[in-house]
Amino acid sequence: MSALLTQNRFFVNQKIKIIELTNEFKIRDEAGNEIGAIKEEGQSALKKVARFATNLDSMMTHKYGIYDADGTKIVELVRPRAFVFSKVLVQDGNGQEIGRLEQARKVFKKVRFSVVGTAGEELAAIQAENWRAWNFTITGPNDQPLGSISKNWGGAVKEIFTTADNYMVEIDPSVTGNLRLLLLAAACGIDTALKQNDK
């Protein structure tokens, strides 16, 4: 099993770029060791030019792969074009659909995403702590805590994080199977959905 799927706490660190046309993130464990990466994929030269010359990121489709340290793809995300509210389609490393993240269609409310299974059932909810986002709590169907996504961190990796595009993800040890894959996907998917919409 990939080390990414056994980590109950990990850190996502965006690579610093002067001009951001291809998003890349490093995934680190609590000791600061690199255990994976998130890479934007499938961009044509024309799309890169459009991203550089316009503010139309939210109207473009974005695709990401989450890889473990040996380069094996664990999860694939596709964020279709969106005008206001976002969703992120999630597949496992073999291209098998496992679910999606859907942003709740509420204006002037706290940001909320549903983690939805292949049959359309809500498996978990990801709720911002305030209307501006950035700290999220993850709960199950009965409001049981399943994890969090936070801008707060400490320990060995504290000095690595110097920008707003870095955060800590915690997943309860009881979370397994496709739900763990979906929550791993949320580590990239929420940032992508919210940041592209902010543009």
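The values are calculated or read from the model by the stated rules, or taken from the named source; none is laboratory data. Note that the structure is predicted; figures quoted are calculated from it, not measured. No Cβ is skipped: glycine too gets one built from the backbone with ideal geometry, and neighbour counts run over all protein chains shown.
For the reader, a short list of remarks on this structure follows.
- Pairs meeting the criteria (first residue in the range 139-151 and free of Cβ contacts under 8 Å to residues at least 40 places away in the same chain and surrounded by 15 or more Cβ atoms within 10 Å (Cβ to Cβ), second residue part of a loop (DSSP other than H, G, I, E, B) and not β-branched (V, I, T), beta carbons under 6 Å, at least 6 apart or on different chains) are L146/G140; L146/D172; G147/D172; S150/N135.
- Verdict on K26 being among the charged types (D, E, K, R), exposed (fewer than 12 other Cβ atoms within 10 Å of the Cβ), at negative phi and modelled with pLDDT under 90: no
- Sole residue being modelled with pLDDT of 90 or more and more than 15 Å from F11 (Cα to Cα), chosen from E170, E122: E122
- A search for C-beta distances below 7 Å between a residue of the range 1-22 that is within 20 Å of I74 (Cα to Cα) and any residue that is modelled with pLDDT under 85 and of a type in the set (A, V, I, L, M), counting only pairs 6+ apart in sequence or on different chains, returns F11/V157; V12/A187; N13/I160.
- Considering residues of the range 31-49 that are in a loop (DSSP other than H, G, I, E, B) and either of a type in the set (G, A, S) or touching a Ser or Thr at 6+ places or on another chain (Cβ under 8 Å) (or both) only, the residue modelled with the lowest pLDDT: S44
- Hey, D198 out of contact with any helix residue (DSSP H, G or I) (no Cβ under 7 Å at 6 or more places or on another chain), at pLDDT below 75 and among the acidic types (D, E) or not: yes
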